[in-house]
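What follows is a short report on a single structure.
The values are calculated or read from the model by the stated rules, or taken from the named source; none is laboratory data. Remember, predicted model here, so these are calculated numbers, not experimental data. Positions of Cβ are backbone-derived with ideal geometry, glycine not excepted, and every protein chain shown enters the neighbour counts. Side chains are part of the model used for accessible areas, which takes the heavy atoms of the whole protein and leaves out ligands, DNA and RNA. Shrake-Rupley method; radii C 1.70, N 1.55, O 1.52, S 1.80 Å.
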Amino acid sequence: MDRRLTPTNGRVAAARLQGRIEAERYVEGEVRQIGVPVANLWRTPGDARDRQLLFGEQVIVYEARDGFAFVEAKRDGYVGYVEAGALGDPGDATHIVSVPATHLYPAPDMKRTEVMPLSFGARLRIVSASGAFFETDQGYFVPKPHIRPANRPFTDPTTVAQLFFGTPYLWGGNAVWGLDCSGLVQAAHLACHIPCPGDSDMQMASLGEPFGDNVPLQRGDMLFWDGHVALAVDANTLIHANAHHMAVAYEPALEAITRIEEGGDGPVIGRKRLSR
């Protein structure tokens, strides 16, 4: 079993795994919600970051111990640890942040000191409106132009990816303050309500259908290397979060393919296209 998608740490496991894996106890878990702008999802408490979770995203908590919670992310099933203080009571989101970043305010007034920043993809429950702002269920205010209904998805993953142009590269990042290659691809597809796992190897296995090396690229196609993924903007251009530029950057496709292989990271190992 893939430890990234298997909710067990030996002490505790999801009840659905009883009879399949060994654990001291099996629990249904409790749904909680990320209550900070971005929370690291750790492989082990405070050690290696695997991914990040955004404000308003929900997790299933299987264990809380020593200031950390062992969780499973509802967006994609990714398993790990978050700081227990980052969790709050769950709610049903009605809207998502649909611009690269925004702020929550304590009142419907842009001159007030902001409460916190939010990244694209953060989830909010809106309960009322006041002038140019919407009010959340926590009594904060967000500018109306910065959010859209959660049930109105984007239609083009590449357009979403382009919103992040220039975002700093960050290993395991999922927010506007830092993204890695698979974080960018996941954000782009989830915003279009296309199920998408968190890491590039999972994405290659589950997204789209393969196509041949001699087939021209189309917008939205994905190229995969061992440990890397990029999205096609058009037949000749890629957009990807990469350590060469240390940012989300555009790059000519042939140049990227050559650079990555000559740099020692190998050739393209997968070309995938979503059905249209």
Hull-based mean projected area of segment 68-202, where the convex hull spans the alpha carbons, in square nanometres: 8.7
If each Cα of segment 123-276 is one equal point scatterer, what is log10 of I(q)/I(0) from the Debye formula at q = 0.08, 0.10, 0.17 Å⁻¹? -0.26, -0.39, -0.94
Once both label points are put 7 Å beyond Cα along the C-beta direction, the Lys74-Gln162 separation in nm becomes 3.3
With every protein chain kept in the model, how would you rank Glu22, Glu63 by accessible area, 1.4 Å probe, largest at the top? Glu22, Glu63
Solvent accessible area, Å² - Ser98, 1.4 Å probe, full protein context: 20
When ranked by the protection proxy of mean other Cβ atoms within 10 Å per residue, highest first, what sequence do the peptides 209-215, 55-61 form? 55-61, 209-215
Distance from the Cα centre of segment 3-64 to that of segment 150-187, in angstrom? 23
Among all the lysines, which ones have a C-alpha under 17 Å from Lys111's C-alpha, if same-chain residues fewer than 8 places away are not counted? Lys144
Work out the length of the dipole vector of the chain about its Cα centre, built from +1 on the beta-carbon of each Lys and Arg and -1 on the beta-carbon of each Asp and Glu, and round it to the nearest 20 debye. 660
With all protein chains in place and a 1.4 Å probe, Met116 shows an accessible area in Å² (nearest 10) of 30
Mean separation of Cα contacts under 8 Å (6+ apart) over length of the chain, as relative contact order %: 12
So what's segment 173-239 giving for Rg/Rh, alpha carbon basis, Kirkwood Rh from the mean inverse pair distance? 0.95
In the chain the accessible area split gives carbon plus sulfur, as whole percent at 1.4 Å, a share of 51
So, for the chain, what is the accessible surface per residue at a probe of 1.4 Å, expressed in square angstrom? 47
Given only helices, namely DSSP H runs of n ≥ 4 each adding -39500 (n - 2.57), what is the per-residue ellipticity at 222 nm of the chain, to the nearest 500 deg cm²/dmol? -3000 deg cm²/dmol
re segment 57-143: pairs of Cα atoms spaced beyond 22 Å account for a percent value of 35
Contour minus Cα-Cα span, Ala132 to Asp109, at 0.36 nm per residue, comes to 7.4 nm
Quarter of the Cα convex hull surface for segment 211-276, i.e. its orientation-mean projected area (nm²): 4.1
Listed by chain and number, the lysines with an alpha carbon less than 30 angstrom from that of Lys272, same-chain partners under 8 positions apart left out, are Lys74
Normalised contact order of segment 154-244, rounded percent, pairs of Cα under 8 Å and 6 or more residues apart: 27
